[in-house]
1. Looking only at segment 53-77, filter to residues that are loosely packed, with under 14 Cβ neighbours inside 10 Å, among the aliphatic types (A, V, I, L, M) and farther than 15 Å from Leu35 by Cα; which one of those is modelled with the highest pLDDT?
2. Does Gly50 count as free of Cβ contacts under 8 Å to residues at least 24 places away in the same chain, out of contact with any helix residue (DSSP H, G or I) (no Cβ under 7 Å at 6 or more places or on another chain) and at positive phi?
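The values are calculated or read from the model by the stated rules, or taken from the named source; none is laboratory data. A quick note: this is a predicted structure, and the numbers were derived from the prediction, not measured. Neighbour counts run over all protein chains shown; Cβ positions are idealised from the backbone, glycine included.
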Amino acid sequence: DMKEMIETIAQALVDQPERVSVKEIGGVHTSILELTVAKTDIGKVIGKQGRTVSALRTLLSAVSAKAKKRAVLEVVE
């Protein structure tokens with residue numbers, strides 16, 4: 001499941017894994033995954049110049065394409 005994958009990866013990246021949550025807003029063709037982390041961990045999830053969050057989005061698009069759906073990852077502050 002895409003939600004669990006993002007949650008597991010995000011928990012591995014941050015200092016406070018218990019504060020990681022992923023909320024899925026499902027549509028007909030597109031799902032929006034809202035990733036929420038502790039304020040101090042936002043930088044770790046986004047990464048230098050957004051590289052980490054970009055890699056997460058790439059993984060998510062590959063998994064969602066296999067499921068014939070579309071998914072968007074948003075990092076919520």
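1. Going through the qualifying residues, I end up with Ala62.
2. yes
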